[in-house]
Amino acid sequence: MGTLAELKHEPEPDITPIPLMQLATAFWGFKTLSTAIDMDLFTRLEASPMNPPELARWLNIEERPAEMILTGCAGLGLLSKQNGRYRNTPLAETFLVRGGRYYFGGFVTMLTSFRRPCAPTVPLLGTPTSRSRCSRRRTLK
């Protein structure tokens, strides 16, 4: 057991939990990217930058979710905002526009389809859970 002085030792200033936070929240960025690819957002924005109301009309959704996906993609460095309108960054323009020479969206779509075979399932609104092929069947409660 350490001394009181050892127990009070603070982490070094150059060691922070930021890398752990990035790992713990990486799923959010991935789901934002995969949702935008499913919507074909980057291909649409190649033709013309859009603001949230325009995207909402184009997708036939409410304005708030449109604003959220645009803001999320901008936060990931995939879109830039100028005069209230969002456009692809060079990264998105190069790799996320369907039909482009270096299109990366197919890989993201493939990753989206993967599911760990033994992952617990979460019932949605009381629907039955899907069964996995594991010897131990688990569900989250």
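The values are calculated or read from the model by the stated rules, or taken from the named source; none is laboratory data. On a predicted model such as this, the values are computed, not experimentally measured, just so you know. Note: ideal-geometry Cβ built from the backbone for every residue, glycine included; neighbour counts use all protein chains shown.
Scanning the stretch 62-84 for residues that are in a helix (DSSP H, G or I) and in contact with a Phe, Trp or Tyr (Cβ under 6 Å, 6 or more places away or on another chain) yields a single hit, Leu70. Selection over the stretch 65-99 of residues that are of a type in the set (A, V, I, L, M), within 14 Å of Leu55 (Cα to Cα) and out of contact with any helix residue (DSSP H, G or I) (no Cβ under 7 Å at 6 or more places or on another chain) gives a count of 1. Of the residues screened, Arg98 is one that is more than 14 Å from the chain's Cα centre (by Cα), in a loop (DSSP other than H, G, I, E, B) and among the basic types (Lys, Arg). Could we say that Ala66 is at pLDDT 95 or above, in contact with a Pro (Cβ under 7 Å, 6 or more places away or on another chain) and of a type in the set (A, V, I, L, M, F, W, C) here? Spelling it out, Ala66 is indeed at pLDDT 95 or above, in contact with a Pro (Cβ under 7 Å, 6 or more places away or on another chain) and of a type in the set (A, V, I, L, M, F, W, C). Cβ separations smaller than 9 Å between residues 6+ apart or across chains give the following pairs from the stretch 26-50 residues that are under 15 Å from Gly77 (Cα atoms) to residues that are in a helix (DSSP H, G or I) and charged (D, E, K, R): Phe42/Glu93; Leu45/Glu93. Does the stretch 33-51 include one or more residues that are over 20 Å from Tyr103 (Cα atoms), at pLDDT 95 or above and hydrophobic (A, V, I, L, M, F, W, C)? There is at least one residue in the stretch 33-51 that is over 20 Å from Tyr103 (Cα atoms), at pLDDT 95 or above and hydrophobic (A, V, I, L, M, F, W, C). Test Arg87 against the criterion of being among the basic types (Lys, Arg), surrounded by 13 or more Cβ atoms within 10 Å (Cβ to Cβ), at pLDDT 95 or above and assigned to a loop (DSSP other than H, G, I, E, B), and give yes or no. It is false that Arg87 is among the basic types (Lys, Arg), surrounded by 13 or more Cβ atoms within 10 Å (Cβ to Cβ), at pLDDT 95 or above and assigned to a loop (DSSP other than H, G, I, E, B).
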